[in-house]
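Here is the structure we will look at.
The values are calculated or read from the model by the stated rules, or taken from the named source; none is laboratory data. Since we're looking at a predicted model, the values are computed, not measured. In this analysis, Cβ positions are derived from the backbone assuming ideal geometry, glycine residues included, and neighbour counts consider all displayed protein chains. All accessible areas refer to the heavy atoms of the entire protein, side chains included, with ligands and DNA or RNA removed. Shrake-Rupley method; radii C 1.70, N 1.55, O 1.52, S 1.80 Å.
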Amino acid sequence: MILTLTPNPSVDRTVFVDALPRGAVIRSSRGWSEPSGKGVNVALALQRHDRPATAVLPVGGSVGAQLSQMLRLIGLPVREVPVRGEIRSNISLVEPDGTVTKVNEPGPELDT
């Protein structure tokens, strides 16, 4: 069993757009959300290769609840550490030519 530690997990949202004009309201053609964070990504990769892994991560706020639910639905064992702050959401905007603009939120401040 491998334990991974993710001190700053996230729910990553990828959205496909036709263009990215500044200051405009635009519509996306498609998108999806997925659990993320370095340790979460490693644990998911291990799971895909039939290696047992458990992800240890802080969970807080509504995004933390969403992250927990996503990980449960895909069957990844998780050890959650409750925190007061909100887990981060990140957004990737993908243009037709493959250009990706990422917006990463800060995570919660963790107590020692």
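Within segment 103-112, is there a residue that is in contact with a Leu (Cβ under 9 Å, 6 or more places away or on another chain), of a type in the set (A, V, I, L, M) and free of Cβ contacts under 8 Å to residues at least 40 places away in the same chain?
Restricting attention to segment 103-112, the residues satisfying the condition of being in contact with a Leu (Cβ under 9 Å, 6 or more places away or on another chain) are 103.
When the remaining residues are screened for being of a type in the set (A, V, I, L, M), the result is 103.
From what is left, the residues that are free of Cβ contacts under 8 Å to residues at least 40 places away in the same chain are 103.
Yes, some residue in segment 103-112 is in contact with a Leu (Cβ under 9 Å, 6 or more places away or on another chain), of a type in the set (A, V, I, L, M) and free of Cβ contacts under 8 Å to residues at least 40 places away in the same chain.
Return yes or no: is Val56 modelled with pLDDT of 95 or more, assigned to a strand (DSSP E or B) and touching a strand residue (DSSP E or B) at 6+ places or on another chain (Cβ under 9 Å)?
On the way: modelled with pLDDT of 95 or more: yes; assigned to a strand (DSSP E or B): yes; touching a strand residue (DSSP E or B) at 6+ places or on another chain (Cβ under 9 Å): yes.
Against the criterion (modelled with pLDDT of 95 or more, assigned to a strand (DSSP E or B) and touching a strand residue (DSSP E or B) at 6+ places or on another chain (Cβ under 9 Å)), Val56 qualifies.
So, Leu57, is that one open to solvent by less than 60 Å² (accessible area, probe 1.4 Å) and touching a helix residue (DSSP H, G or I) at 6+ places or on another chain (Cβ under 9 Å) or not? Even if it seems obvious, please write down each step before you answer.
Details: open to solvent by less than 60 Å² (accessible area, probe 1.4 Å): yes; touching a helix residue (DSSP H, G or I) at 6+ places or on another chain (Cβ under 9 Å): yes.
In short, yes.
Can you spot a residue in segment 21-33 that is in contact with a helix residue (DSSP H, G or I) (Cβ under 9 Å, 6 or more places away or on another chain) and at pLDDT 95 or above?
yes
Any residue in segment 33-52 that's closer than 14 Å to Asn8 by Cβ and open to solvent by less than 70 Å² (accessible area, probe 1.4 Å): show its pairings with residues that are of a type in the set (A, V, I, L, M, F, W, C) and in a helix (DSSP H, G or I) at Cβ separation under 6 Å, as long as the two are six or more apart or on different chains.
Cβ pairs passing all conditions: Pro35/Leu67; Pro35/Met70; Pro35/Leu71.
Out of Val63, Val42, Val11, I need the residue that is modelled with pLDDT of 95 or more, on the phi < 0 side of the Ramachandran plot, among the β-branched types (Val, Ile, Thr) and in a strand (DSSP E or B). Which one? Before the answer, list the steps.
Working: Val63 fails: in a strand (DSSP E or B); Val42 fails: in a strand (DSSP E or B).
Just one listed residue meets the conditions, Val11.
Can you go through Leu76, Leu93 and tell me which one is under 17 Å from the mean Cα position of the chain (by Cα), in a loop (DSSP other than H, G, I, E, B) and either free of Cβ contacts under 8 Å to residues at least 12 places away in the same chain or surrounded by 15 or more Cβ atoms within 10 Å (Cβ to Cβ) (or both)? Don't jump to the end; show me each part of the working.
On the way: Leu93 fails: in a loop (DSSP other than H, G, I, E, B).
None of the other options fit; the residue is Leu76.
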